[in-house]
Amino acid sequence: MSESSNNDEMAFAEESSDVSVTTDESWKIIIVDDEASIHDVTKLALNGCLFDGKRLEFVSAYSGKEAQAIIHEHPDAALMLLDVVMETDHAGLDVARYVRNDADNQSIRIVLRTGQPGQAPEREVITKYDINDYKEKTELTVQKLFTLMYASLRAYRDIIALENNKRGLEHVIVASKNLFELESMPDFAQAILEQITSLLHVENNAAYLKSDGLTACHQNNQLKIMAGTGAYADFVGRDAVDVLDKAALGEIESAIKQNANLYHDDKFTGYFKSRRGMENLVYMNGLKQLGELDRALLEVFARNISIAFENTELHQDVEETQQEIVYMLGDAVETRSKETGNHVKRVAEISKLLALHIGLDGTEAEIIKNAAPMHDIGKIGIPDAILNKPGKHTPEEFEIMKAHSLLGFDMLKSSQRDILSAGAVIARDHHEKWSGEGYPYQKSGEDIHVYGRIVAITDVFDALGSERCYKQPWKLEDIIAHIKQESGRHFEPRLVDGVLANIDSINAIRNRYPDPVA
């Protein structure tokens, strides 16, 4: 048995003139009886009792009807001491049925107390009604009432803990569906923290912290709170030294200096250093005395949070490497055609903006953003003399130039990766026109893939505003006029509307990635 089990015994607090004071740290006991003296005697017998460090709070009902209303007002009540015979001979039985069926409260412990056992025979009642104990009032001495209270509260506490564990596990499972999406990791870590605080019957105050290198909290940098529960829930995303108290920072600093897990009073600090040199910590307070099994469980949970974060960071590194390669490919094409690499970055960001505007989800918008830089990758196969010709192309040269769309498609089409597959579609379709006058296949309307439609307008918008070997940049008002004029001809009308509605955001993107000054 865990050492923590020693803490759940009933005890008596110092004398108090008011044992019915409502606090956040109390067990609610509903007394249902039509005799006021029963209420008084019960409260007197249990005056000053503590269970698991919490006082008893009494709520009184003097009829079955009143009890039915009270169960809705106090759904967190732990125990109902329920008389059988009140306004009717079976009022208490009706209340028991109501609590379980109508109020759907399966957690509260129900103990029937009767002064007329013949009215409700014990075997019949136990069989037909979902109650937890049956007592005759004459047999409930102070000691037996004390024992009854202890057993009922312990059962209620464990039922609630199991329910919390179940919800915590459900939260973990939901969060883990998107385990490798960076934005979901704080949710995943927070679910883990909630699960373990519930599992160990501890206060729901826990924080997960991560540093980006070998730093200690006294250095005032890079120790960020990634997830939190209870008192730390509002601190997520902030620097620990800005929001945690001195006691918490002291515990964390000690764990970092010692490179070890620390237990001190009611606090636990788990320290885990990743293979990539990052320091991960789990800090919890409000712990009770833990046995060896509880400590092992706590450390396993905390370590698994760190492993999950480390795996996600590795996954992110792979994604960022892929994105960097895509940009490099786009840059190579732009450099070869004597254009700037920032064009592909602007097209990528503006494409994502428009994708979200027309209702594509975040995942698809991100795919478009990552694939858009490859829209002109087929230009690698176009001769320099044609690619960089300052004047107008001859019809023969233009036919060769148009071939870049299918060259790009052929380069990427065999890939099974989402980004490269999207890049193939964009390379093929971004020169098609809404009216059917584009190339290479003269597609029209929605026959053109939506990825191609989006990049078509973003590519033209940005290209018109950029200097090229064959032209000077256009003024913004001229670009907007051209985009409007081509609505329904070159561009899909709703995308034109999207550009006009987001012109400030588009300009902000262009300012963030300016062309270098010659």
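The values are calculated or read from the model by the stated rules, or taken from the named source; none is laboratory data. Because the structure is predicted, anything quoted here is derived from the model rather than measured. Every residue, glycine among them, receives a Cβ derived from its backbone with ideal geometry; neighbour counts consider all protein chains shown.
This table checks each residue for (1) more than 18 Å from Met401 (Cβ to Cβ); (2) buried (at least 17 other Cβ atoms within 10 Å of the Cβ); (3) acidic (Asp, Glu); (4) touching a strand residue (DSSP E or B) at 6+ places or on another chain (Cβ under 6 Å).
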residue: Arg428; (1), (2), (3), (4): no, yes, no, no
residue: Ser435; (1), (2), (3), (4): yes, no, no, no
residue: Asp447; (1), (2), (3), (4): yes, no, yes, no
residue: Val450; (1), (2), (3), (4): yes, yes, no, no
residue: Ala456; (1), (2), (3), (4): no, yes, no, no
residue: Phe461; (1), (2), (3), (4): yes, yes, no, no
residue: Gln472; (1), (2), (3), (4): yes, no, no, no
residue: Ile479; (1), (2), (3), (4): yes, yes, no, no
residue: His482; (1), (2), (3), (4): yes, no, no, no
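Among the conditions (1) under 19 Å from Trp27 (Cβ atoms); (2) in the same structural domain as Ile29 (by TED's automatic domain parsing), Met86 misses just one, which is (1). Say we look at segment 107-138 and pick out the residues that are out of contact with any strand residue (DSSP E or B) (no Cβ under 8 Å at 6 or more places or on another chain) and in a helix (DSSP H, G or I); which of these is modelled with the highest pLDDT? This residue is Lys128. The set of residues in segment 390-409 that are of a type outside the set (A, V, I, L, M, F, W, C) and within 17 Å of Asp459 (Cα to Cα) comprises Lys402, His404, Ser405, Gly408.
Residues that are farther than 15 Å from Asp33 by Cβ and buried (at least 18 other Cβ atoms within 10 Å of the Cβ) do not occur anywhere in segment 137-147.
A search for C-beta distances below 6 Å between a residue of segment 91-104 that is in a helix (DSSP H, G or I) and any residue that is of a type in the set (Gly, Ala, Ser), counting only pairs 6+ apart in sequence or on different chains, returns Ala91/Gly64; Asp94/Gly64; Val95/Gly64; Val95/Ala67.
Would you check if Thr141 is in the same structural domain as Asp104 (by TED's automatic domain parsing), modelled with pLDDT under 85 and over 33 Å from the mean Cα position of the chain (by Cα)? Here the answer is yes, as Thr141 does meet what is asked.
Applying a threshold of 9 Å to beta carbon distances and a minimum spacing of six or more residues, or different chains, the list of pairs starting in segment 482-505 at a residue that is within 16 Å of Trp434 (Cα to Cα) and ending at one that is of a type in the set (Asp, Glu) and part of a helix (DSSP H, G or I) reads Ser487/Asp497; Glu492/Glu446. Screening Asp410 with (1) outside any loop (DSSP other than H, G, I, E, B); (2) of a type outside the set (S, T, N, Q); (3) touching a residue at least 60 places away in the same chain (Cβ under 8 Å) gives one miss only, at (3).
Residues that are closer than 23 Å to Asn388 by Cα, in contact (Cβ under 8 Å) with a residue 40 or more places away in the chain and among the basic types (Lys, Arg) do not occur anywhere in segment 425-445.
Of all residues in segment 343-352, how many are under 16 Å from Leu329 (Cβ atoms) and either touching a strand residue (DSSP E or B) at 6+ places or on another chain (Cβ under 8 Å) or surrounded by fewer than 24 Cβ atoms within 10 Å (Cβ to Cβ) (or both)? Total satisfying the criteria: 1.
Report whether or not Tyr150 is surrounded by fewer than 19 Cβ atoms within 10 Å (Cβ to Cβ) and hydroxyl-bearing (Ser, Thr, Tyr). It is true that Tyr150 is surrounded by fewer than 19 Cβ atoms within 10 Å (Cβ to Cβ) and hydroxyl-bearing (Ser, Thr, Tyr).
Here is a yes/no grid of residues against (1) assigned to a loop (DSSP other than H, G, I, E, B); (2) modelled with pLDDT of 90 or more; (3) outside the structural domain of Val450 (by TED's automatic domain parsing); (4) surrounded by fewer than 18 Cβ atoms within 10 Å (Cβ to Cβ):
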site	(1), (2), (3), (4)
Ile325	no, no, yes, yes
Asp331	no, no, yes, no
Leu354	no, yes, no, no
Gly359	yes, yes, no, yes
Glu364	no, yes, no, yes
Ala371	no, yes, no, no
His393	yes, no, no, yes
Glu399	no, yes, no, yes
Gln416	yes, no, no, yes
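Within segment 373-391, the residues that satisfy the criterion of being among the charged types (D, E, K, R) and in a loop (DSSP other than H, G, I, E, B) are Asp376, Lys389. When segment 44-96 is filtered for residues that are of a type in the set (S, T, N, Q) and under 39 Å from the mean Cα position of the chain (by Cα), only Gln68 remains. Name the residues in segment 85-101 that are surrounded by fewer than 23 Cβ atoms within 10 Å (Cβ to Cβ) and within 11 Å of Ile71 (Cβ to Cβ), would you? Within segment 85-101, Tyr98, Arg100 qualify.
Taking the listed residues Ala248, Ala255, the one that is modelled with pLDDT of 85 or more and crowded, with 23+ Cβ neighbours inside 10 Å is Ala255, with no other qualifying.
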